[in-house]
There are 2 protein chains.
Amino acid sequence: VTFSPLPHAATDWEVVASETCFANEHLAVTSEEVRTPSRPQARLWTVVHRKAAVVIAALTKDDKLLLIQQERIAIRAAIWEVPAGQIDQANADEAEIAAVARRELREETGYDLSANDRLIPLGHFFSSPGFTDEHGYFFLARGVEPIAGGRTPDESEAILDCRAFSLAEVGRMIAKNEIRDANTLRLCARLLAAGLLHFAS
Amino acid sequence: VTFSPLPHAATDWEVVASETCFANEHLAVTSEEVRTPSRPQARLWTVVHRKAAVVIAALTKDDKLLLIQQERIAIRAAIWEVPAGQIDQANADEAEIAAVARRELREETGYDLSANDRLIPLGHFFSSPGFTDEHGYFFLARGVEPIAGGRTPDESEAILDCRAFSLAEVGRMIAKNEIRDANTLRLCARLLAAGLLHFAS
């Protein structure tokens with residue numbers, strides 16, 4: 001498996017040595033000796049490589065945000081989160097990444113863009129740059145509508161529910177620690193900062 | 001190494017089998033067969049276990065947010081982020097977690113709380129619950145002041161700079177994709193939702 005390349009060119013970062021400690025279809029752990037721009041001496045680091053992701057803020061015509069409730073084995077909990085998914089193609093371009101986002105939106109929520117609408121790209125983020133190259137691309141979908149057939153989640157996923165929440169409710173859930181999913185939190189930060197979302201009721 | 005326990009009790013999640021694929025002092029990769037509350041059939045999942053983290057929003061007396069610029073080997077980039085660090089003690093209680101946050105604040109920024117101030121806990125988050133149990137505890141430090149001696153970062157870290165940014169500037173950096181660190185984004189979402197931060201200039 002080839003995992004996703006970084007969203008930026010990394011010149012001046014010289015990989016002196018790299019050893020694969022573990023790899024399967026989901027992730028690879030490497031031990032890397034890397035010379036960074038600030039230091040002549042290479043540093044040894046353990047890095048987890050993963051596929052990149054898409055993360056989608058989907059707003060209905062009455063300005064509610066779609067959240068799914070998903071069982072997450074890694075944390076032994078079912079949590080509310082925005083729809084998201086992995087990009088299987090290693091060198092996906094912008095249009096292909098947007099297509100993955102749209103497919104995940106349809107599958108996980110049973111909603112889709114209206115005929116003339118497009119996903120609005122909102123940049124990217126790094127999940128936890130202390131140990132993983134995992135990164136994700138944010139998208140905003142406005143005025144989404146239910147599709148015939150409803151949700152068609154992947155068999156490997158365990159999505160228990162999908163609901164539309166008012167923005168005031170989402171703000172309250174974030175403030176009260178009821179939304180603990182990092183994708184949802186970081187996407188809301190980007191939307192709030194860009195003036196594309198307001199929590200005030 | 002024992003990694004950090006989850007911040008919640010996980011009843012009804014039965015681990016049928018678990019195998020360690022790789023482990024060092026930084027992380028452990030396990031292959032786990034887990035029965036979740038929603039399905040009788042156990043599912044197989046690859047999980048990366050890590051220590052829990054603290055993530056700190058530090059506001060100066062003139063209401064600027066402290067950000068550090070840190071070289072991150074996993075993503076081959078130096079990025080602006082809020083101060084953060086790992087909790088070494090596996091079963092740290094609330095006071096011990098807050099003490100780690102305060103120590104990281106001092107070391108990474110060279111600022112500290114004023115004599116009568118305390119860190120305000122703001123709940124927790126999961127970094128990327130699709131594959132890792134890594135979670136972090138948010139804190140707010142208001143009215144921080146420079147300390148004698150300045151920054152004293154860990155030798156293993158590569159913090160290039162620390163600066164205080166106006167909230168309007170932080171909002172602009174988030175909107176423009178200049179802040180891509182997930183800790184910073186998710187912490188800002190919590191603060192904005194709780195009415196503890198405002199980007200409007």
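The values are calculated or read from the model by the stated rules, or taken from the named source; none is laboratory data. Bear in mind the structure is a predicted one, so any value in this text is a computation, not a measurement. As a convention, Cβ positions derive from the backbone with ideal geometry for all residues, glycine included, and neighbour counts pool all protein chains shown. With ligands, DNA and RNA removed, areas are computed over all heavy atoms of the protein, side chains included. Shrake-Rupley method; radii C 1.70, N 1.55, O 1.52, S 1.80 Å.
Data overview
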{"read-out": "Top-ranked residue of segment B:67-82 - restricted to ones that are outside any strand (DSSP E or B) and open to solvent by less than 10 Å² (accessible area, probe 1.4 Å), ranked as farthest from residue B:154 (Cα to Cα)", "value": "B:75"}
{"read-out": "Checking residue A:198 against (1) within 18 Å of the chain's Cα centre (by Cα); (2) surrounded by fewer than 16 Cβ atoms within 10 Å (Cβ to Cβ), the condition it does not meet", "value": "(1)"}
{"read-out": "Among (1) more than 9 Å from chain A (Cβ to nearest Cβ); (2) open to solvent by less than 40 Å² (accessible area, probe 1.4 Å); (3) touching an Asp or Glu at 6+ places or on another chain (Cβ under 7 Å); (4) at pLDDT below 95 - the single one residue B:150 does not satisfy", "value": "(3)"}
{"read-out": "Positions within segment A:104-147 being hydrophobic (A, V, I, L, M, F, W, C), assigned to a loop (DSSP other than H, G, I, E, B) and either at pLDDT 95 or above or in contact with a Lys or Arg (Cβ under 8 Å, 6 or more places away or on another chain) (or both), in sequence order", "value": "A:113, A:119, A:131, A:147"}
{"read-out": "Which listed residue is over 27 Å from residue A:140 (Cβ atoms), facing another protein chain (nearest Cβ under 10 Å), assigned to a loop (DSSP other than H, G, I, E, B) and out of contact with any Pro (no Cβ under 8 Å at 6 or more places or on another chain), from A:25, A:33", "value": "A:25"}
{"read-out": "Complete set of residues in segment B:83-134 that are open to solvent by less than 40 Å² (accessible area, probe 1.4 Å), of a type in the set (D, E, K, R) and farther than 21 Å from residue B:188 by Cβ", "value": "B:112, B:133"}
{"read-out": "Complete set of residues in segment A:153-191 that are assigned to a helix (DSSP H, G or I) and either open to solvent by 30 Å² or more (accessible area, probe 1.4 Å) or among the small types (Gly, Ala, Ser) (or both)", "value": "A:168, A:169, A:171, A:172, A:175, A:182, A:189"}
{"read-out": "Unique match (being at pLDDT below 95 and either closer than 25 Å to residue A:49 by Cα or out of contact with any Phe, Trp or Tyr (no Cβ under 7 Å at 6 or more places or on another chain) (or both)) among A:158, A:95", "value": "A:158"}
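To keep it simple, each residue is scored yes or no on (1) in contact (Cβ under 8 Å) with a residue 40 or more places away in the chain; (2) within 14 Å of chain B (Cβ to nearest Cβ); (3) within 26 Å of residue A:157 (Cβ to Cβ); (4) under 21 Å from the mean Cα position of the chain (by Cα).
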position: A:11; (1), (2), (3), (4): no, yes, no, no
position: A:14; (1), (2), (3), (4): no, yes, no, no
position: A:84; (1), (2), (3), (4): yes, yes, yes, yes
position: A:95; (1), (2), (3), (4): no, no, yes, yes
position: A:98; (1), (2), (3), (4): yes, no, yes, yes
position: A:102; (1), (2), (3), (4): no, no, yes, yes
position: A:113; (1), (2), (3), (4): no, no, yes, yes
